[in-house]
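Before any comments, here is the structure.
Just so it is clear, none of the values below were taken in a lab; they were calculated from the coordinates. Note that the structure is predicted; figures quoted are calculated from it, not measured. Don't worry about glycine lacking a Cβ; one is built from the backbone with ideal geometry, like all the others, and counts go over all protein chains shown.
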């Protein structure tokens, strides 16, 4: 089991309110496959985003590479991001990353 090398960023609007996040693979085959296949698996309810303590965890059990993809956040950002994900505002999924695969979930 490996650790996926990814870059995670909480996205905020001009007022400093959380309005999304991005997850982009670093140049690592396993991370690139993970980030490329996670969005589709999430839409099919075969992947999930969880919060464990101070971490956001991207759970993708159907990925051909098994490992852990988690990133630490401060408690305030974690609470705001969790509220964003569970909120009723419309969200959209977009591609992110330039040289490697990635995605972002942002408010419409």
Checklist entry - Does anyone have the angle between helix 29-43 and the longest principal axis of the chain? Alpha-carbon axes, 0 to 90°, nearest 10? => result 50
Item to check | Set of the range 20-35 residues, backbone N closer than 18 Å to the point 7 Å along the Cα-Cβ line of residue 76 | outcome: 20
Next on the checklist: To make sure I understand, if each residue's beta carbon is the centre and we count other beta carbons within 10 Å, what order do 23, 81, 42 fall in, fewest to most?
Outcome noted: 42, 81, 23
Checklist entry - So for the pair residue 90, residue 13, with labels modelled 7 Å out along Cα→Cβ, what separation do we get in nm? => result 1.5
Item to check | the range 8-108, relative contact order [Cα under 8 Å, separation at least 6], % | outcome: 32
Checklist entry - Can you pull the three principal axis extents for the Cα set of the range 55-108, in Å, largest first? => result 32, 24, 21
Next on the checklist: Tell me the mean residue ellipticity at 222 nm calculated for the chain from its helices only (DSSP H runs of n ≥ 4, each -39500 (n - 2.57), averaged over every residue, nearest 500).
Outcome noted: -8000 deg cm²/dmol
Item to check | Compactness index (Cα Rg / 2.2 N^0.38 Å), the chain | outcome: 1.01
Checklist outcome for this item: With Cα springs under 10 Å, the Gaussian network model of the chain assigns the largest mean-square fluctuation among 45, 60, 71 to 45
Next on the checklist: With angles folded into 0 to 90 degrees, how steeply does helix 75-86 sit against the dominant principal axis of the chain? Use alpha carbons for both and round to 10.
Outcome noted: 90
